[in-house]
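Read through the structure below, which is laid out as structure tokens, and then see the notes.
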Amino acid sequence: METTSTEGRILAVLEDDAKASYAEIADRAGVSKPTVRKYIHKLEDDGVIIGYSADIDPKKLAGQSIAMVGIDVASERYVEATRALKDLDSVESLYTSSGDHMLMAEARAPDGDALGDVISDDILSIDGVTAAHPSFLQERLK
């Protein structure tokens, strides 16, 4: 991310600490609090900032397993399959991908068995989904 512009500096602070106050962001970005407020509102309105989240260490979560699932979809069913995947409560986030799979989903369930059921019963049962390749997250390193 380009951090020489005011916008870039503000975004860099937010990426480092999404819970930072306007005062903290202003101090670290070298601008005033009103400037921070103005830029953040504009970035939210423009869809650059789409939300705020907590980084989770899956190994420390009691009672929850997380997997990143590479999903392949028949191109003629892509729109419908993507809508169905977005509607699944167990799919925390869904991304388009230019890698080995068309989509990448972050799936969560109470344990590994339940997560396996989400993949086999929910994701793979969607019309148009041709394959699901899970990678179960174990330990957050950064």
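The values are calculated or read from the model by the stated rules, or taken from the named source; none is laboratory data. This one's a predicted model, so the numbers in the text were calculated from it and none came from an experiment. Because the Cβ atoms are built from the backbone with ideal geometry, glycine has one as well, and the counts that use them run over all protein chains shown. Ligands, DNA and RNA are stripped out before the accessible areas are found, and what is left, the full protein with its side chains, is counted by its heavy atoms. Shrake-Rupley method; radii C 1.70, N 1.55, O 1.52, S 1.80 Å.
Table for the structure above
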item	result
Fraction of accessible area attributable to carbon and sulfur, the range 61-101 (%, probe 1.4 Å)	44
Qualifying trypsin sites (Lys or Arg not before Pro) for the range 20-107 [loop in DSSP, other Cβ within 10 Å: at most 10]	none
Per residue accessible area in Å² of the chain, where ligands, DNA and RNA are left out and the probe is 1.4 Å	63
Tally of Lys pairs whose C-alpha atoms are under 24 Å apart, taken over the chain, 8 or more apart or cross-chain	9
Structure-based [θ]222 nm, the chain - -39500 (n - 2.57) summed over DSSP H runs of at least 4, per residue, nearest 500	-10000 deg cm²/dmol
Convex hull (Cα only) mean projected area of the chain, reported in nm² to one decimal	10.3
Mean projection area, nm², convex hull over Cα of the range 65-131	3.9
